[in-house]
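Read through the structure below, which is laid out as structure tokens, and then see the notes.
The values are calculated or read from the model by the stated rules, or taken from the named source; none is laboratory data. The model shown is predicted, which means the values in this text are computed figures rather than measured ones. Glycine also receives a Cβ, built like all others from the backbone with ideal geometry; neighbour counts cover every protein chain displayed. What goes into the accessible areas is simple: the full protein's heavy atoms, side chains included, and nothing from ligands, DNA or RNA. Shrake-Rupley method; radii C 1.70, N 1.55, O 1.52, S 1.80 Å.
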Amino acid sequence: MRASALLLVLGLLACDASEDRAPEAEPGEPLPGLSAAEMESFAAGKALFNRAFSPGEGLGPLFNQTRCSSCHDLPTSGGHGAEPVTKASRFDAGEGCDLLRREGGDLLQASVVPALREAGVLAERVPPSATAVTELRPPPLYGLGLVAAVDEADILRRAEPTDRNGDGVTGRVGHGSEGGVGRFGAKGQHGTLGAFVTEALNVELGLTSTAHPSEQLPNGAPLPGGVDPRDEPEVDEDQIDLLTAYVRFLAPTRPEVPESPEDRAVIRTGGRVFEEVGCAVCHVPTMVTGPSEIPSLDRKRFRIYSDLLLHDLGEDLADVCGPGAAPSEWMTSRLVGLRHRTQFLHNRRAQSLEAAILLHGREGAASRSAFRALDEDSREALLRFLRSL
């Protein structure tokens, strides 16, 4: 199974040529094979994703950006982002995670509309009760429709909270905010694309919806009168559907396939090393979607490099907590599209892939040790493999 997964990952050889292989594309392109109606929804959703909202249309009163693409624009619309968002939380080993809702929530808004500024209210501050603060970098959205289409049972069967096989790796299911298995967000806090989209609109742009009908409050304090001219909800269900369709239909990106046979051989070697040192235990190379009415998402095998589970990565990577997730627990990052990034980890504190690997502790400690023990050629092959994804 692991060898066939590698062949799928590298894109150099195919374990079969059947139609269940998810087609990949250049960054920002839609899934190949969409119907005319699906392409129309993708195009309309993309236009809305790249549109700037004004205060008169519901922006704010507290917000971080004026458009979705401000956080997801590298290397194209729908990609990762350079603009960080600040998160804060309070964690107690006995009481668990407090997302500071009474003090304005765990995600801080750095901007306010002019009317709120004139009322004397400025950007949110880190609440005094917070025990951790971090700057998260927005992840890429390419291929999320395929992630959403994975059967819940396939995620659950990979979970191993008691480390039955004794390899030091457990893996827990994230708590989706709307119930069910979480598969989106750094802490696995969203189970559906709709939940992911509506919360982002609310906490990043200050746009209310039927799912999030209340405005963000400045560190929990009431909003002054007259600062929010638009009635709730500020975005309707049609707009939510279009934005969700855009994210759902973004194609996963292609890996690099070098022209040089020698370079391709190094990448193949690096792929083998990736599995030998245990990286693929959590960064599972491929998954298969379940049955779908959308042919482009129906029973497709796709590259993911994640098990969509929470893992404890140790104190070096501990900061904020999440719903059901301790400060050191993180959803396994998808490595697809890694070649388009220059900073790594949830807060992009690692400026190289090697640095990112060496920060993996606890459940990642065995793989980190195996990486350190590699000879120079094997280590460079592994890093070259990762840079090709």
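Of note:
- Cα gyration tensor shape of the stretch 277-389, rounded if a/c is under 1.5, else prolate or oblate by comparing a/b with b/c: oblate
- Whether the stretch 174-222 is rounded, prolate or oblate, judged on the alpha carbon gyration tensor where a/c under 1.5 counts as rounded: prolate
- Straight-distance candidates among the lysines for linking to LYS187, with alpha-carbon spacing under 17 Å and chain neighbours fewer than 8 residues away dropped: LYS87.
- Residues of the chain: accessible area per residue with a 1.4 Å probe, Å²: 43 Å²
- Listed residues HIS311, THR192, GLY206: farthest to the positive end of the dipole of the chain (Cβ charges): HIS311
- The Cβ shell under 9 Å around HIS360 holds other residues with a net charge of 0, Lys and Arg each +1, Asp and Glu each -1.
- Calculated FRET efficiency, THR131 to ALA221, Cβ-Cβ distance, R0 = 22 Å: about 0.55 to the nearest 0.05.
- About its Cα centre, the dipole of the chain is roughly 800 debye, where the only charges are +1 on Lys and Arg Cβ and -1 on Asp and Glu Cβ.
- At most 14 other Cβ within 10 Å, DSSP loop - GluC sites (Glu not before Pro), the stretch 286-336: GLU293
- Antiparallel DSSP beta bridges within the chain, as percent of all bridges there, nearest 5: 95 percent
- The 3J(HN,Hα) values that the Karplus relation (6.51, -1.76, 1.60; θ = phi - 60°) gives for the stretch 209-217 are, in residue order, 8, 5, 6, 9, x, 10, 6, 5, 10 Hz. Gly and Pro appear as x.
- Whole-Hz couplings from phi, Karplus 6.51/-1.76/1.60, listed for the stretch 331-344; x for Gly and Pro: 5, 4, 5, 6, 9, 4, x, 4, 5, 8, 10, 10, 10, 9
- The chain, relative contact order [Cα under 8 Å, separation at least 6], %: 22 percent
- Accessible area of the chain belonging to carbon and sulfur atoms, whole % at 1.4 Å probe: 51 percent
- Fully extended contour minus Cα-Cα distance, from ALA110 to GLU380, at 0.36 nm per residue: 93.1 nm
- Based on DSSP H segments of at least four residues, each scored -39500 (n - 2.57), the chain has a per-residue ellipticity at 222 nm of -8000 deg cm²/dmol.
- Shape of the stretch 188-346, Cα gyration tensor, a/c cut at 1.5: prolate
- Estimated vicinal HN-Hα couplings, Hz - the stretch 235-246 in sequence order (Karplus 6.51, -1.76, 1.60; Gly, Pro = x): 10, 8, 5, 4, 5, 4, 4, 5, 4, 5, 5, 4
- Taking 7 Å steps out from each Cα toward its Cβ at GLU40 and ARG387 produces label points 4.6 nm apart.
- Farthest toward positive dipole pole in the chain [+1 Lys/Arg, -1 Asp/Glu at C-beta], among ALA115, GLY220, PRO261: PRO261
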